[in-house]
Amino acid sequence: MTRLLCLCLLLVLPVPVFSEDVWQKAQDNARDSRMVVAFTHRFVQGWLFHADPKAGLIPRNLKNDFFWNARDSAADNYPFMVLTCAMTGHPVLFPIMEAMLQTERRLTCRLGSLPDDFLFETQSFRTREYDLDSLIFGAAEYAKDGLVPITEWMGSSPWMDRMEEMIHDIWKHAAIDSPVGKLPTRNVEVVGDLLQAMSRLAWITGKQEYQEWTFRLADQCLLHDNIARWPRLQLDDHGCEIIGGLSEACFLASQRDKDRWQRYRKPMYDILDCVLEYGRNPDGLLYSVINPASGAVINQELTDNWGYNYIAFLTVAEIGNEDKYREPVRFALSHIDKYLDYPWEGGSADGYADSIEGAISLLNRIPDPKAVDWVDASMKVLLSKQKDDGIIEGWHGDGNSARTAWMWALWKTAGATFSPWREDLSAGAVLDETGTLHLSLACDWPWKGTLHVDRPRHQVNFHLPFDYPRLNQFPEWFVAGPDAFYQVAVNNEPPRRVAGKDLWAFPFSLKAKETALITISKEK
């Protein structure tokens, strides 16, 4: 018999009866999440086999770039090795991830904490002299694409400390004059990276400098640059970061500096309006590059970052209660099923990963059954691209496939994770219309571990006033509030009363071949 361990639980009402359809769907979801656990474990192990034997760091790719760099290795691949090990509670691999962080800090810091390329052949920096713009670019990419998602999931950690020290050193070397003061960069992508990373740090740390730096960059972009009249606006990656970053600066201003938000409102709306007017195809998907000044489409290829841009639309819609920025998102989701065979980024795994990631983030806010089916079908294509040794395509973009796989798996478990999350453990969940969680848990071999019902990470980790839409977030599906109580029932056992905080780390055990059907509902 399944045992609920180590908690003092109060017997209450009898077990409600649920339809077999709910449990069948939960078990279908369990098959999907189990595929992801195997996929991501193989991904981590595959790349570790290619780590440099002396430094212990992974290369940029497996063909010719045998060096570690911040903008690729550290930003796109390594972080999702970390998160795989953290989400599965892997007792052997997680310490290796911690050691890689320590090694990266020891070997790659070139100017203060700012990292530079580390060449394995010479066990030294790849270039004789450093380039400041390149250092800032790499650190900003590492922060936004790598350390922000780790921090979104884990909260304060050594990885967040790494992000903070790099952001401080970026601003220490800010040398570009502007109407708003010294800036570290005018590169559109890097500005977007910094806006996203610093706005998160402003919330999680409460430190005033992150807010001041965020507003300084946003003031330049929104009050001086007139982005809506630029001759080139990239809606693909390496450019679209600015739209998401500015949306986060707007959210920060709306909560902390309402007068500034009023100054930001029109130029931010102008940017979104020009994307809607010039950047969409008839189905609401987005072109790669447009000319806002002339209204011309510069590159008609559809961007796999369509969802990234639309996340910014939802952020701004949330701030100003503007349905005109929600409706285009609904429209795009209702038509994405027509693009099952679209070759995102030439059909690369990374292209599928980014497109699916955006869709999942949007579906967390705006459900659409056709888009759900599109995500599931597209994920099967993505998972099929992995080779037998765990490598996906053999470059730093492999990490993005792992990232999106985990977003899909967490959707299938409603955010629940397990430690250890072995490959024989099948876990899937369904939320019904009352908000009750139905979780199916089974294993091939005896399992004793911990069930982690998701917590309201936006509140507990980031101290946010509400869970606003944002990129590089793992969406929240079902969360156990810290001050709430829940009714927990397992199979035919009576339900028991459990505090929300106790569900964050809930001891549990299964016999071999046993299935536990668990319901969790919040007390009214």
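The values are calculated or read from the model by the stated rules, or taken from the named source; none is laboratory data. Since this is a predicted model, take the numbers as computed values, not measurements. Note that we place each Cβ from the backbone using ideal geometry, even for glycine, and neighbour counts take in every protein chain shown.
Things to note:
- Members of the range 67-99 found to be assigned to a helix (DSSP H, G or I), among the β-branched types (Val, Ile, Thr) and over 16 Å from the mean Cα position of the chain (by Cα), listed by number: 96
- Residue count for the range 466-492, restricted to those that are crowded, with 16+ Cβ neighbours inside 10 Å, assigned to a loop (DSSP other than H, G, I, E, B) and either touching a residue at least 60 places away in the same chain (Cβ under 8 Å) or of a type in the set (Phe, Trp, Tyr) (or both): 12
- Residue within the range 165-174 that is small (Gly, Ala, Ser), in contact with a Leu (Cβ under 8 Å, 6 or more places away or on another chain) and in a loop (DSSP other than H, G, I, E, B) present: yes
- Pairs linking a residue in the range 249-260 that is touching a residue at least 60 places away in the same chain (Cβ under 8 Å) to a residue that is part of a loop (DSSP other than H, G, I, E, B) and surrounded by fewer than 16 Cβ atoms within 10 Å (Cβ to Cβ), with Cβ atoms under 9 Å and 6 or more positions apart or on different chains, are 255/465.
- Qualifying positions in the range 380-437 - of a type in the set (A, V, I, L, M), assigned to a strand (DSSP E or B) and surrounded by fewer than 24 Cβ atoms within 10 Å (Cβ to Cβ): 425, 430, 431
- Among residues of the range 451-465, those that are in a loop (DSSP other than H, G, I, E, B) and aliphatic (A, V, I, L, M), counted: 2
- First in the range 446-459 and within 20 Å of residue 428 (Cβ to Cβ), second anywhere and of a type in the set (Ser, Thr, Tyr) and buried (at least 20 other Cβ atoms within 10 Å of the Cβ), Cβ under 6 Å, 6 or more apart: 452/417
- Once the range 194-252 is narrowed to residues that are among the basic types (Lys, Arg) and closer than 24 Å to residue 322 by Cβ, the residue that is surrounded by the most Cβ atoms within 10 Å (Cβ to Cβ) is 200.
- Number of residues in the range 296-345 that are part of a helix (DSSP H, G or I), at pLDDT 95 or above and either among the basic types (Lys, Arg) or under 30 Å from residue 261 (Cβ atoms) (or both) equals 25.
- Pairs meeting the criteria (first residue in the range 139-157 and closer than 17 Å to residue 397 by Cα, second residue assigned to a helix (DSSP H, G or I) and of a type in the set (S, T, N, Q), beta carbons under 6 Å, at least 6 apart or on different chains) are 144/196.
- Considering residues of the range 326-353 that are closer than 20 Å to residue 272 by Cβ and under 20 Å from the mean Cα position of the chain (by Cα) only, the residue surrounded by the fewest Cβ atoms within 10 Å (Cβ to Cβ): 329
- Restricting the range 100-138 to residues that are in contact (Cβ under 8 Å) with a residue 40 or more places away in the chain and in a loop (DSSP other than H, G, I, E, B), the residue that is farthest from residue 165 (Cα to Cα): 121
- Qualifying residue in the range 467-489 (condition: hydroxyl-bearing (Ser, Thr, Tyr) and over 29 Å from residue 359 (Cα atoms)): yes
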